[in-house]
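Student: Structure below; questions to follow.
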Amino acid sequence: MKRLSMMVLTAGLLSSALLIASCAGSPFRIAMMDKAELRQVDDYTLCGAHGCKFVQRDRIAAEIRRRGLFTLEEWEMIKERKIRVGAKELLLFASWGLPTNSNRTLTAYGKNIQHIYRISEYTNNYVYVENGKITTIQN
């Protein structure tokens, strides 16, 4: 019985992984793309895939470099998975991946976004972005 349960669990996990990998915008699908396909991916999706710690990022990083999205200093931050106030929202995605959830607010002064990164069941990191720049980091 225990062996059957383990086989069912393994099959379920494999099915879930295949489903996620087949989604067009998933980091797993993007990591499998060739150079020509990567050129068609928008900056936000590409950086979000780079921030996913479970995918091979070499080709994704090469495409981001080709586009010139980050300075050498920003690349060092990304390698260390760090962010800072004043950095581009793209740096957040390239460092930490896509958020668990986002809340958007449109005001007379521009667009504000609260990105929520779930760390554990009871812990979240909140990153606030205004007009494409990180304004607040709350953990």
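The values are calculated or read from the model by the stated rules, or taken from the named source; none is laboratory data. On a predicted model such as this, the values are computed, not experimentally measured, just so you know. Neighbour counts run over all protein chains shown; Cβ positions are idealised from the backbone, glycine included.
Student: Looking at segment 51-139, what helices (runs of 4 or more DSSP H) fall wholly within it and have at least 2 residues that are among the polar types (S, T, N, Q)?
Tutor: Details: elements: 58-67, 72-79, 89-96.
In segment 51-139, there are no helices (runs of 4 or more DSSP H) which contain 2 or more residues that are among the polar types (S, T, N, Q).
Student: Yes or no: segment 84-103 includes at least one residue that is touching a strand residue (DSSP E or B) at 6+ places or on another chain (Cβ under 6 Å) and among the basic types (Lys, Arg).
Tutor: no
Student: Considering only residues of segment 98-139 that are touching a residue at least 40 places away in the same chain (Cβ under 8 Å) and touching a Phe, Trp or Tyr at 6+ places or on another chain (Cβ under 8 Å), which is surrounded by the fewest Cβ atoms within 10 Å (Cβ to Cβ)? Walk me through it before giving the result.
Tutor: Narrowing segment 98-139 to residues touching a residue at least 40 places away in the same chain (Cβ under 8 Å): 98, 127, 129, 132-137.
Retained after the next criterion (residues that are touching a Phe, Trp or Tyr at 6+ places or on another chain (Cβ under 8 Å)): 127, 134-137.
Values: VAL127: 23, ILE134: 20, THR135: 13, THR136: 11, ILE137: 15.
Going through the qualifying residues, I end up with THR136.
Student: Check LEU69 against each of (1) more than 21 Å from ASN101 (Cα to Cα); (2) modelled with pLDDT of 95 or more; (3) exposed (fewer than 11 other Cβ atoms within 10 Å of the Cβ) and name the one condition it does not meet.
Tutor: (3)
Student: In segment 106-122, what residues are modelled with pLDDT of 95 or more and more than 17 Å from GLY48 (Cβ to Cβ)?
Tutor: ASN112
Student: Say we look at segment 11-49 and pick out the residues that are among the hydroxyl-bearing types (Ser, Thr, Tyr) and at pLDDT 50 or above; which of these is surrounded by the most Cβ atoms within 10 Å (Cβ to Cβ)? Before the answer, list the steps.
Tutor: From segment 11-49, those among the hydroxyl-bearing types (Ser, Thr, Tyr) are 15-16, 22, 26, 44-45; that's our starting set.
With at pLDDT 50 or above added as a condition, the list becomes 26, 44-45.
Values: SER26: 19, TYR44: 14, THR45: 16.
Selected residue: SER26.
Quick grid of which residues meet (1) surrounded by 16 or more Cβ atoms within 10 Å (Cβ to Cβ); (2) among the basic types (Lys, Arg):
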position	(1), (2)
ASP58	no, no
ARG65	no, yes
LYS82	no, yes
LEU92	yes, no
TRP96	yes, no
